[in-house]
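Structure first, commentary second.
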């Protein structure tokens, strides 16, 4: 690594630190002005995105982006499940539509075997409804 590459790496590190600090400050300001808490997973996901953007190693950048995408996917599933459970709790009963919706929410994060089972269950339900 020559001195220009080292200088670029240092500059990227400083830029990443500045962006992360700005992101944290805006989250603190939002938290102070809004009664709802900031989504910590989303904040962490954005920080990982900044680190991946400024990472000097292209192999590491690919791994970071892959892990970032997984984090976002799991976060969306978590939010969906949380919302669905809140809806079920407010209705005080679990209906067929609630179970179907929950299966749709879980489908992206389960292993291949369970995805197949969910697909079959959804197909059976579709046939029964028609």
Give the relative contact order (percent, whole number) for the range 3-73; include only Cα pairs under 8 Å separated by 6+ residues. 33
Global geometry of the range 69-113, whether rounded, prolate or oblate, following the gyration tensor of its Cα atoms and the 1.5 cut on a/c: oblate
Highest-first arrangement of 1-7, 96-102, where packing means the average Cβ count within 10 Å: 96-102, 1-7
With -39,500 (n - 2.57) per DSSP H segment of 4 or more residues and division by the full residue count of the chain, the 222 nm estimate, nearest 500 deg cm²/dmol, is -29000 deg cm²/dmol
Among rounded, prolate and oblate, which fits the range 3-73 when a ≥ b ≥ c are the square roots of the eigenvalues of its C-alpha gyration tensor, a/c under 1.5 means rounded, and a/b larger than b/c means prolate? oblate
Any idea what angle helix 3-33 forms with the longest principal axis of the chain, computed on alpha-carbon atoms, 0 to 90 degrees, nearest 10? 50
Mean separation of Cα contacts under 8 Å, 6 or more apart, over the residue count of the chain: relative contact order %: 18
Helix 40-54 versus the longest principal axis of the chain: what is the Cα-based angle in degrees, 0 to 90, to the nearest 10? 40
So for the chain, using the alpha carbon gyration tensor with a ≥ b ≥ c as root eigenvalues (a/c under 1.5 gives rounded; past that, a/b versus b/c decides prolate or oblate), I'd call it oblate
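FYI, it's all coordinate maths here, none of it is from the lab. Everything numeric here is computed off the predicted structure, so don't read it as measured data. For neighbour counting, all protein chains shown are included, and Cβ atoms are generated from backbone atoms with ideal geometry for every residue, glycine included.
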